[in-house]
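Bear in mind that the values in this text are calculations on the coordinates, not laboratory data. Worth saying up front: this structure is predicted, and the values here are computed from it rather than measured. Glycine also receives a Cβ, built like all others from the backbone with ideal geometry; neighbour counts cover every protein chain displayed.
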Amino acid sequence: MSSCLKIFSYCDELVDEFEKVISCPKKEKSSVYYTGVDLGTAYVVLAVLDENKKPVAGAYRRASVVKDGMVVDYMGAIKIVRELKNEIEEKLDAKLVYAAAALPPGTTSLDSGAIKHVVQGAGFELTALLDEPTAANAVLKISDGAIVDVGGGTTGISILKDSKVIYVADEPTGGTHFSLVIAGAYKMPFEEADTYKRDEKNHKELTPVIKPVVDKVSSIINTHIKNHDVSEVYLVGGTCCFNNIEEMIENYIKIPTIKPKNPLFVTPLGIALNCTQEIME
């Protein structure tokens, strides 16, 4: 546990600060603001940093504008991002101009245009577009190993060697599939199952129910790391908030698997850290 705390000390401090400014934004004026836009399957998150790349504000909303890592409700996505942008601007009494965004690894040719147009359509100047696990590493600061971003619809993997990304992959399976098996097992509507899953007090009871899906995630990880020298796996993404998911995955893949205190906000903060003032063409 102590080594885990040491590894994630910067990450956990940054996430703690971000959680505070979501409810209590820092209104001191900054010469520039950097925004990270994370279009997830379950949540759309905006993380805002000041000129020193410190968290000053944030907002998020449950949404279903993305499915399996792809934008399926283009206008709905623009509307939500614009509304969150306006909400933060009002709280800060400042204009948000620059934003970075991310998408699942390996999907750049498929959906990068949609992500770009959503961010621009919401009123931002897009300055960077990168894959989600790589964005997360701006917060994790891992030099070697596999970063696994288990989101609502997909599991994305980035393998790093000497701080460089040497392999990326993304496959369907994530939190949505947890909710589907819970809905089937408990004979409840999907939305009710999704809410039930998010309540931490239900996690111990749900562990055997969602284990087949966790095993599928673990199998995906195994498939993509088997030809690489991976000694540790680092989990991020909202689905990894499920209690003991790291232990379940580690028992399957037989490789040390750890996660930060709050995996949900790691990627949006990493996206914001990659934001600059250089506008993409």
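Above 24 angstrom, tally the Cα pairs of the chain and express them as a % of all pairs, no decimals.
When all Cα pairs of the chain are counted, 47 percent exceed 24 Å.
Once the other residues with Cβ under 9 Å from the Cβ of Ser158 are scored (Lys, Arg +1; Asp, Glu -1), what is the net sum?
-3
Could you give the angle, 0 to 90 degrees to the nearest 10, between helix 108-121's Cα long axis and the longest principal axis of the Cα atoms of the chain?
Computed tilt is about 40 degrees.
Post the alpha-carbon centroid distance, the range 213-281 to the range 31-67, in whole angstrom.
Centre-to-centre distance over Cα atoms comes out at 19 Å.
Could you name the lysines in cross-link range of Lys187, using Cα to Cα under 24 Å and dropping any fewer than eight places away on the same chain?
Reachable lysines: Lys67, Lys197, Lys201, Lys204, Lys211, Lys216.
Return the calculated 222 nm mean residue ellipticity for the chain, to the nearest 500 deg cm²/dmol, obtained by summing -39500 (n - 2.57) across DSSP H runs with n ≥ 4 and dividing by the residue count.
The per-residue figure over the chain is -14000 deg cm²/dmol.
Are there trypsin sites (Lys or Arg not before Pro) in the range 6-36 that DSSP puts in a loop and that have at most 13 other Cβ atoms within 10 Å, and which ones?
Passing sites in the range 6-36 are Lys27, Lys29.
Can you quote the Å³ per residue value for the convex hull of the Cα atoms in the range 82-213, rounded to an integer?
That works out to 163 Å³ per residue.
So how far apart, in nm, are the two label points at Asp215 and Tyr186 if each is 7 Å from Cα heading toward Cβ?
2.2 nm
Where a ≥ b ≥ c are the square roots of the eigenvalues of the C-alpha gyration tensor, would you call the range 31-148 rounded, which needs a/c under 1.5, or, failing that, prolate if a/b is larger than b/c, or oblate?
Oblate shape, in that a/c is at least 1.5 and b/c is the bigger or equal ratio.
By what distance, in whole Å, do the Cα atoms of the range 194-248 stretch along each of the three principal axes, largest value first?
On the principal axes, the range 194-248 reaches 37, 19, 17 Å in Cα extent.
Name the residue, out of Pro256, Pro208, Pro172, whose mean-square fluctuation peaks in a Gaussian network model built on the chain with Cα pairs under 10 Å.
Looking only at Pro256, Pro208, Pro172, the biggest GNM fluctuation is shown by Pro208.
Report the residue, chosen from Ala114, Ala146, Ala42, that carries the largest GNM mean-square fluctuation when the chain is represented by alpha-carbon nodes joined by springs under 10 Å.
Ala114
Which value in nm describes the separation of the simple spin-label points at Ile279 and Asp73, placed 7 Å from the Cα toward the beta carbon?
Taking the simple label geometry, Ile279 and Asp73 are separated by 3.0 nm.
Could you compute the net charge surrounding Tyr43? Neighbours are other residues with a C-beta less than 10 Å from the C-beta of Tyr43; K and R count +1, D and E count -1.
+1
Using a 10 angstrom cutoff on alpha carbons, build the Gaussian network for the chain and name the most mobile of Ser218, Ser31, Ser143.
The residue with the greatest mean-square fluctuation here is Ser31.
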